[in-house]
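Please read the structure below before turning to the comments.
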Amino acid sequence: MAMRAAMHHAGATALSQLLQGNPPGAEEREISCPCGQKARYREMRSRHLLTVVGEIGFLRPWYLCSQCHNGQFPADAALDIEKLELSPGVRRMLALIGSEAPFDHGRRQIQLLAGLEVTAKAVERTAEAIGGHIAQGERRELQRAVQLELPVIVGEPIPILYIQMDGTGIPVVKKETVGRQGKTEGRPAHTREVKLGCVFTQTTWDKEGYPIRAPDSTTYTGAIENADAFGKRLYLEAWNRGWNRAVKKAVIGDGAEWIWNNADLHFPGAIQIVDLYHARQHLWDVARRLHPNDDMNQKAWITVHQKRLLDKGKIEKLVLALRSINPATPEVADQIRIEADYFEKNAERMRYPKFRRQHLFVGSGVIEAGCKTVIGARLKQSGMFWTLRGANAIIALRCCYLNNRFEDYWDARRAA
Ligand SMILES: [Zn+2]
């Protein structure tokens, strides 16, 4: 560690010398100002910067416009350090660490692993600025998607492409829930729903005919936003993943209405599948209502209705069976009617044997795991309260990193 500190020190000295600017020559003393006039070289000004090898200092030329009185440092713009105290290398570290762990935890890790002294606030600001910038780029791309200007991506046909979506609540600060009803009536909401989507592909199945997900094929996208904005976002992700060259397409989700509205609107032609395990959960709810505190009868009821009807895709028979139940109380009758409606409405999305014959997935396990790893692991830790802006920036950052696009972001930034 002592050797590393010495190397950092030597590196900082070398870097300071490397970045040390000189007064411009006679023919470079004027540059254009954004106002349209010319800015003239005035003097050399000093600059401090925290880099991956520590604090450095150097001089660079300063230009001033006599028309609008705005000063500029062209060297800062070229180095991507305009109005920033941290070098791109440090910002990249802080963004990554801030996307992975609470900001103060990140501060300590940077100190230990990189030998850099930063504040938790700097980790937070940097991670949110980079995440916000990534989200901004996505919005620009979305705008082009809405105007149907997306480039067609050529490549091999994809045998099966899946889209899954789900929602998960994260705790937010008070101002983000003003006027919103909580889950319990009369109590304010403490959370906002993150909508998360994923896209993955399948090229084969195992000996028993069960589907195998293509390794490393899953990408995520998500945000706290309304269903319509989210639908467009997920469409863009699917497009970038080869929607137009997928031979077979499937959308899998639970019974939530916004999911199927989005599937109809943005993913026409896709096979719609209600997650089998959610559907089974609905049957269990019925079983518990019909036979409260009676395990034996609950299980017997499930055996008949799940194994013989739901799993076999015989939804019309299942609905008929539910509607012919004579419940003990009006309350239970209401609940069972709601469940019968749920199965009736989703019947075509529950033809499980048909889906199985095509070697398709029938569960939304991938997106549920995504809700835990992409969102929960970072945004649902105890004592955390997010602003929408902060949460959306961190979600964009996490998706970018998990989708293996973090390096692309920095490459694009360097090229800009
Ligand atoms: Zn000017």
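Please identify every one of the trypsin sites (Lys or Arg not before Pro) in the stretch 303-378 that sits in a loop by DSSP and has no more than 15 other beta carbons within 10 Å of its own beta carbon. Write out the running numbers ahead of the final one.
Values: sites: LYS307, ARG308, LYS312, LYS314, LYS317, ARG323, ARG337, LYS345, ARG349, ARG351, LYS354, ARG356, ARG357, LYS372, ARG378; in loops: LYS312, LYS314, ARG351.
Sites meeting the loop and neighbour criteria: LYS312.
Amide hydrogen proximity for VAL194: with H placed 1.01 Å from N in the peptide plane, the residues at 5 or more positions away or on another chain lying under 5 Å are THR168, GLY169, ILE170.
Any idea what the dipole of the chain comes to, in debye rounded to 20, about its Cα centre with Lys/Arg Cβ at +1 and Asp/Glu Cβ at -1? Before the final figure, lay out the partial values.
Numbers: 58 positive and 47 negative charges, 60 e Å.
Charge dipole of the chain: 280 debye, to the nearest 20.
Relative to the current alpha-carbon distance between LYS312 and VAL247, full extension at 0.36 nm per residue lengthens the span by 20.8 nm. Look at the dipole of the stretch 2-85 built from charges on Cβ: of HIS8, LEU18, LEU64, the Cα furthest out on the positive end belongs to LEU64.
Over every pair of different alpha-carbon atoms in the chain, take the mean of 1/r and invert it; report that Kirkwood radius in Å.
Details: mean 1/r = 0.0393 Å⁻¹.
Over the chain, the inverse of the mean reciprocal pair distance is 25.4 Å.
Within the stretch 331-416, report the chymotrypsin sites (Phe, Trp or Tyr not before Pro) that DSSP leaves as loop and that have at most 14 other Cβ atoms within 10 Å. Provide the component values of the computation, followed by the final result.
Working: sites: TYR342, PHE343, PHE355, PHE361, PHE385, TRP386, TYR401, PHE406, TYR409, TRP410; in loops: PHE361, PHE385.
Listed in order of number, the matching sites are PHE385.
Applying 1/(1 + (r/R0)^6) with R0 = 30 Å to the Cβ-Cβ distance of LEU148 and ILE31 gives a FRET efficiency near 0.15. Placing unit charges on each Cβ (+1 for Lys and Arg, -1 for Asp and Glu) gives the stretch 221-267 a dipole about its Cα centre, and among GLY242, LEU265, ASN226 the Cα reaching farthest toward its positive end belongs to GLY242. Across the alpha-carbon atoms of the stretch 146-228, the computed radius of gyration and Dmax are 19.0, 54 angstrom.
Only helices enter the 222 nm calculation for the chain: every DSSP H run of n ≥ 4 contributes -39,500 (n - 2.57), and dividing by all residues gives -14000 deg cm²/dmol, rounded to 500. Among LEU290, LEU379, LEU236, the largest mean-square fluctuation in a Gaussian network model of the chain, built with springs joining Cα atoms closer than 10 Å, belongs to LEU290.
Using only side-chain charges placed at the Cβ, +1 for Lys and Arg and -1 for Asp and Glu, the dipole size of the stretch 158-273 relative to its Cα centre rounds to 260 debye.
Quick one: order CYS198, CYS33, CYS399 by neighbouring beta-carbon count within 10 Å, fewest to most. Write down the numbers at each step before the final one.
Details: CYS198 30, CYS33 20, CYS399 27.
Sorted ascending by nearby Cβ count, the order is CYS33, CYS399, CYS198.
What's the magnitude of the charge dipole for the stretch 278-350 around its Cα centre, counting Lys and Arg as +1 and Asp and Glu as -1 at the beta-carbon? Answer in Debye, nearest 20. In total the dipole reaches around 320 debye.
Taking R0 as 30 Å, what FRET efficiency do you get between THR119 and ALA229 from their Cβ-Cβ distance, rounded to the nearest 0.05?
My answer for the efficiency is 0.35.
Result for the chain in a Gaussian network model with C-alpha springs under 10 Å: among LEU276, LEU161, LEU322, the largest mean-square fluctuation is at LEU322.
For the chain, what is the percent of antiparallel DSSP beta bridges, rounded to the nearest 5?
Values: 38 of 50 bridges.
The antiparallel fraction comes to roughly 75 percent.
Taking label positions 7 Å along the Cα-Cβ direction at both ARG40 and VAL178, the computed distance is 5.0 nm, reported to one decimal.
Quick one: among CYS400, CYS65, CYS371, which has the greatest mean-square fluctuation in a GNM of the chain with alpha-carbon springs under 10 angstrom? Of CYS400, CYS65, CYS371, the Gaussian network model singles out CYS65 as fluctuating most.
For each of THR51, THR13, count neighbouring Cβ atoms within 10 Å of the residue's Cβ, then give the residues from fewest to most. Mind dumping the intermediate values first?
Values: THR51 20, THR13 13.
Ranking THR51, THR13 by Cβ neighbours within 10 Å, fewest first, gives THR13, THR51.
Values quoted throughout were computed directly from the atomic coordinates according to the rules given, and no laboratory measurement underlies them. All of these numbers come straight from a predicted model, not from anything done at the bench. Because the Cβ atoms are built from the backbone with ideal geometry, glycine has one as well, and the counts that use them run over all protein chains shown.
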